[in-house]
Amino acid sequence: MKTWLMVGLAGVLALAISGLGSAQATYPDGTELRLLQWSHFVPRYDDWFDTYAAEWGAANNVRVTVDHVNITEIAATMAAELDAGSGHSLIEATTSPAVFIANLHDLSDINAEAAQRFGEQHGFCQRNSYLPAADKYYGFVNTQVANAGIYDIALWTEAGYPNGPASWAELLEGGRAIYENTGVPVGIGLSPEPDSEMAVRSALWSFGGSVQDENGQVVLNSPQTIAAVEYLAQLQNEAMTAEVFGWGVPSNNQALIAGDVSFILNPASAYRSLQTVDEMAAAGIGFTAALAGPAAALTGTQALTFVIPKYVEGDELAVAKQFILDHTANYSDAHYYSELYNLPCFPAMVPQMADWLDDDPFGSQPADKLAAFQTVGEWSANLGYPGYNNPATAQIYSENILPNMVARVALGELSVADAVAQAHERIEAIFAHWRGLGMISG
């Protein structure tokens, strides 16, 4: 592995810090910061983060505790703590926390501070933390996690696509040929879990459909949505197995590592896991940017969102805000120790990113295997695309409405028209609820 010069905590603490969180060098004795983090798919990141947090606490006279839970437990744990009015000081949400906005601190102050200190933020990240109807930042996003296409080079080369599929049409054509000739299916989930949620949205947007328009009006039931659902049902019927209806969070990672699929949509973590198991097999894996559809080439992308519950007050609140800003200032290390999985929302804070993606410090063969992520800002989209994420789009995600809609068509339980109409009706009700609470404009 190559050696790279990292900023490190000492460099971060030496940076000139102005504004929020800088009024005092250290905090009063007994000040605590309790962090709730998901257990990262790249273990190296958790090792780095826990050490960073401990050293940061020592430098600021703060007792820092970091609790890691499975990614599927974050939302439930957060909901329970908000309902109880006590718990962690700072939570990194892995799905949109917009539904909890009434119980979260407005973080407009540190978002403004970050813009001054760190430069321009990707619009994707801002749209996952700001709610226009409330004129409030309910969170702070410094990380995006993009789902690229990950494919078996040998299988796709044999099918005539040495660089993998570039479009949804090629995914169907090549994936079907591979399945018919080798029995190895495409691996895109159609179940109630996060990767399926993002895969369905990727196809929906690329075909020109969406849940809402840029003004927060529900537009799901459209010819574009019907075409996307018909496509996904055909892809499942002709190039996938029934296993995708029951997939969980790790399923596509496990299938890739086992060599059981020809293509998945996933962040770099699936590939990193394979590297640790079989370097030769990992060398046979390729990456594509978002697949192109009739209307666009977009992929579902997760925002990792720091939130501070309203029960956090006083020095604890100040500490939580300072930690967020200092963590962002140290983002070169965060990106590096996530093995390039965590992509920065403030690109200026990771000037090495282009070099790392072109010359992977973690031993990819070839070294530029992850170069597709160079253009992630051009093909990543948020849950609320083409508008802002909001409590309604977050609830739709949590109810798994979109993958269930597609699954019922693929299983032959409903016609595409009926499945889309039923999903549209439920989504209209969700939007009406949140619009009535003043959380969605229009």
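The values are calculated or read from the model by the stated rules, or taken from the named source; none is laboratory data. Not measured: the values here are computed from a predicted model. Quick reminder, even Gly has a Cβ in these numbers, built from the backbone with ideal geometry, and neighbours come from all protein chains shown. These accessible areas exclude ligands, DNA and RNA; they are computed on the full protein's heavy atoms, side chains included. Shrake-Rupley method; radii C 1.70, N 1.55, O 1.52, S 1.80 Å.
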How many of the residues making up region 257-266 are open to solvent by less than 10 Å² (accessible area, probe 1.4 Å) and outside any loop (DSSP other than H, G, I, E, B)?
3
Failed criterion for residue 254 (all others in (1) open to solvent by 30 Å² or more (accessible area, probe 1.4 Å); (2) out of contact with any Leu (no Cβ under 9 Å at 6 or more places or on another chain); (3) touching a residue at least 60 places away in the same chain (Cβ under 8 Å); (4) part of a helix (DSSP H, G or I) hold):
(3)
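For region 330-340, check the following and say yes or no: at least one residue is outside any helix (DSSP H, G or I) and open to solvent by 10 Å² or more (accessible area, probe 1.4 Å).
Yes, that holds for at least one residue.
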If you take the residues of region 273-320 that are open to solvent by 30 Å² or more (accessible area, probe 1.4 Å) and among the β-branched types (Val, Ile, Thr), which of them is farthest from residue 341 (Cα to Cα)?
277
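Results for (1) among the hydroxyl-bearing types (Ser, Thr, Tyr); (2) in contact with a helix residue (DSSP H, G or I) (Cβ under 7 Å, 6 or more places away or on another chain), shown as yes or no for each residue.
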| position | (1), (2) |
| --- | --- |
| 38 | no, yes |
| 50 | no, no |
| 57 | no, no |
| 68 | no, yes |
| 77 | yes, no |
Scan region 170-199 for residues that are polar (S, T, N, Q), open to solvent by 10 Å² or more (accessible area, probe 1.4 Å) and more than 13 Å from residue 262 (Cα to Cα) and report the count.
0
Check region 72-87 and report whether any residue there is assigned to a helix (DSSP H, G or I), closer than 20 Å to residue 326 by Cα and open to solvent by 50 Å² or more (accessible area, probe 1.4 Å).
no
Matching helices (runs of 4 or more DSSP H) fully within region 391-442 where at least 2 residues are open to solvent by 30 Å² or more (accessible area, probe 1.4 Å) and either farther than 16 Å from residue 225 by Cβ or free of Cβ contacts under 8 Å to residues at least 60 places away in the same chain (or both):
391-398, 416-436
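I'm trying to understand the selection: among the residues of region 105-138, which are part of a loop (DSSP other than H, G, I, E, B) and open to solvent by 20 Å² or more (accessible area, probe 1.4 Å)?
Of the residues in region 105-138, the ones part of a loop (DSSP other than H, G, I, E, B) are 105-107, 119-122, 127-129, 132-135, 138.
Across region 105-138, the qualifying residues are 105, 106, 119, 120, 121, 122, 127, 132, 133, 134, 135.
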In region 194-212, which residues are in a helix (DSSP H, G or I) and of a type in the set (Gly, Ala, Ser)?
196, 199, 202, 203, 206
